[in-house]
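Below: one structure, written as structure tokens.
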Amino acid sequence: MKVKKEATIAVIIGLVLALVVTGTILRARRALQAIKLPDTSILKKKPVSSINPKTNELYLELTTPDNLVVSEPQLTLTGKTLPGTYIAILGEKGEYLIVPSDIGNFSQDVVLVKGANAIKVSIYQNDGKKIEKTLNVVYTTAQL
Amino acid sequence: MQKKYLYLLFVISILLPLHAYAVATPSASLAPGDDQVITDNLKKRLQESLAGEESSPLSQARAYIGVVKDVIKDTVVMEDKDGKKDIKLSDETTLLRSPGNAQITSENIRIDDYIIAMGYPGEGDVFSGRRLIVSIDPLLISLKTSGMGTITKLSKSSLTLKTTDKEQVIDLTSKTVIKSPVGTIEYSTLAIGDTLIYTATMDTKDNLTATILMRTQTSSIAL
């Protein structure tokens, strides 16, 4: 009789332990699903230059990396500046005068020559202020 | 009897956590909400795949354009617009002299040669050169410029702009594109007092020929 009682207690303790483990696993699952991981994509695209756009000062961020090597005769140049400005892009093979979007983004396909290309981007404000940056790009079909 | 209880205890202790683990594994079954997990996983795999494309060999390659400052054993010291760079040469490096792209050795690289150094960034500041092109002539010659100014004179073949520091005469050709931020406009609609942005080519005497003119303000708004 005494043995039977001890065995019953052991079974109950075992059941409680199993329930605790089960509950812990299920709670951990719910907690992991609730975690929202931060968007790391913005960390991958490091701008060439960065000035806080909130200051309302003229700025130019080029999201296209500098010193690129490309195998196509065209490059999409992208960046961000102050809205309401004017953008002059001087490539080796063509020139472009564009305006940024309402939030300051801009994008322009630039035709490249084989070899070295210097792409000068100038931003003009109505009051005559200007800033500029130059990107170097090499267009080659050779294997590196 | 005691043995039976112990067996029962053992079985329950093993089976319950196993069941919980199976439920917690997304691939176990398609419970409500699991389709979201699958979508997220697919998105994650797609992003990883795209990131893989970005990290393809050519996208990791870089090129510096500048001037040779020194050649020390298997290292070419060059200077580009951002400063000095050490380009490490190896058996995999191809050295070419432009024009003609004749293959050369490192002994043929001269100080003050213009250079394009293509390769891959290594550890620290080391840049592993894979294809180096040197030339005695500049590899980048910019004969283009841009500017902003207000029209002070207009003629059929040229216009004069007042910029921040000078009066600039710009010649026009039949190829000159004249536009506003919303589209092409006629040259005849330009007036004295209008503000323009221009791109132009320069000759050796710094004379400018406009390639694109964009009116940013009309004189009526400016006044």
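The values are calculated or read from the model by the stated rules, or taken from the named source; none is laboratory data. Bear in mind that the values here come from a model prediction, so they are computed numbers and not experimental data. Positions of Cβ are generated from backbone atoms using ideal geometry, with glycine treated the same way; all protein chains shown enter the neighbour counts.
Need pairs with beta-carbon distance below 6 Å; first residue assigned by TED's automatic domain parsing to the domain that holds A:Thr64 and closer than 13 Å to A:Val138 by Cβ and within segment A:97-123, second among the hydrophobic types (A, V, I, L, M, F, W, C) and in a strand (DSSP E or B); sequence gap 6+ or separate chains.
A:Leu112/A:Leu75; A:Ala116/A:Val138; A:Ala116/B:Ile65; A:Ala116/B:Ile116; A:Asn117/A:Val137; A:Ile119/A:Val110; A:Ile119/A:Leu135
In segment A:52-68, is there at least one residue being in the same structural domain as A:Leu82 (by TED's automatic domain parsing), at pLDDT below 75 and either surrounded by 14 or more Cβ atoms within 10 Å (Cβ to Cβ) or basic (Lys, Arg) (or both)?
yes
Which count do you get for residues in segment B:177-213 that are hydroxyl-bearing (Ser, Thr, Tyr) and surrounded by fewer than 19 Cβ atoms within 10 Å (Cβ to Cβ)?
8
Would you check if A:Tyr124 is within 8 Å of chain B (Cβ to nearest Cβ) and touching a strand residue (DSSP E or B) at 6+ places or on another chain (Cβ under 6 Å)?
yes
From the list B:Leu132, B:Leu161, B:Leu139, B:Leu95, pick out the single residue that is under 29 Å from the mean Cα position of the chain (by Cα), under 30 Å from A:Ala88 (Cα atoms) and either within 14 Å of chain A (Cβ to nearest Cβ) or not hydrophobic (A, V, I, L, M, F, W, C) (or both).
From the options B:Leu132, B:Leu161, B:Leu139, B:Leu95, the qualifying one is B:Leu139.
So which residues in segment B:166-220 are β-branched (Val, Ile, Thr), under 20 Å from A:Tyr96 (Cβ atoms), touching a residue at least 24 places away in the same chain (Cβ under 8 Å) and in a strand (DSSP E or B)?
Correct list: B:Ile170, B:Val177, B:Ile178, B:Thr195, B:Ile197, B:Thr199, B:Thr201, B:Thr209, B:Thr211, B:Ile212, B:Thr216.
Can you tell me which residue within segment B:58-76, out of those that are outside any loop (DSSP other than H, G, I, E, B) and closer than 18 Å to A:Leu75 by Cβ, is modelled with the lowest pLDDT?
Checked segment B:58-76; the qualifying residue modelled with the lowest pLDDT is B:Leu58.
For the structure I just gave you, tell me whether B:Ser90 is among the polar types (S, T, N, Q), outside the structural domain of B:Thr216 (by TED's automatic domain parsing) and either free of Cβ contacts under 8 Å to residues at least 12 places away in the same chain or not in a loop (DSSP other than H, G, I, E, B) (or both).
Details: among the polar types (S, T, N, Q): yes; outside the structural domain of B:Thr216 (by TED's automatic domain parsing): yes; either free of Cβ contacts under 8 Å to residues at least 12 places away in the same chain or not in a loop (DSSP other than H, G, I, E, B) (or both): no.
So B:Ser90 does not fit the description; no.
Of all residues being acidic (Asp, Glu) and not in a strand (DSSP E or B) in segment A:61-94, which is farthest from A:Ala118 (Cα to Cα)? Just the residue, please.
Here is the first cut: in segment A:61-94, the residues acidic (Asp, Glu) are A:61, A:66, A:72, A:92.
Among the residues that remain, those that are also not in a strand (DSSP E or B) are: A:66, A:72, A:92.
Numbers: A:Asp66: 10, A:Glu72: 16, A:Glu92: 7 Å.
Ranking the candidates gives A:Glu72 first.
Quick one: which residue in B:Ile111, B:Ile116 is free of Cβ contacts under 8 Å to residues at least 60 places away in the same chain and either part of a strand (DSSP E or B) or touching a helix residue (DSSP H, G or I) at 6+ places or on another chain (Cβ under 7 Å) (or both)? Even if it seems obvious, please write down each step before you answer.
Details: B:Ile111 fails: either part of a strand (DSSP E or B) or touching a helix residue (DSSP H, G or I) at 6+ places or on another chain (Cβ under 7 Å) (or both).
Matching residue, one of B:Ile111, B:Ile116: B:Ile116.
Could you list all residues from segment A:101-121 that are at the interface with chain B (Cβ under 10 Å from one of its Cβ atoms) and buried (at least 20 other Cβ atoms within 10 Å of the Cβ)?
Across segment A:101-121, the qualifying residues are A:Ala116, A:Asn117, A:Val121.
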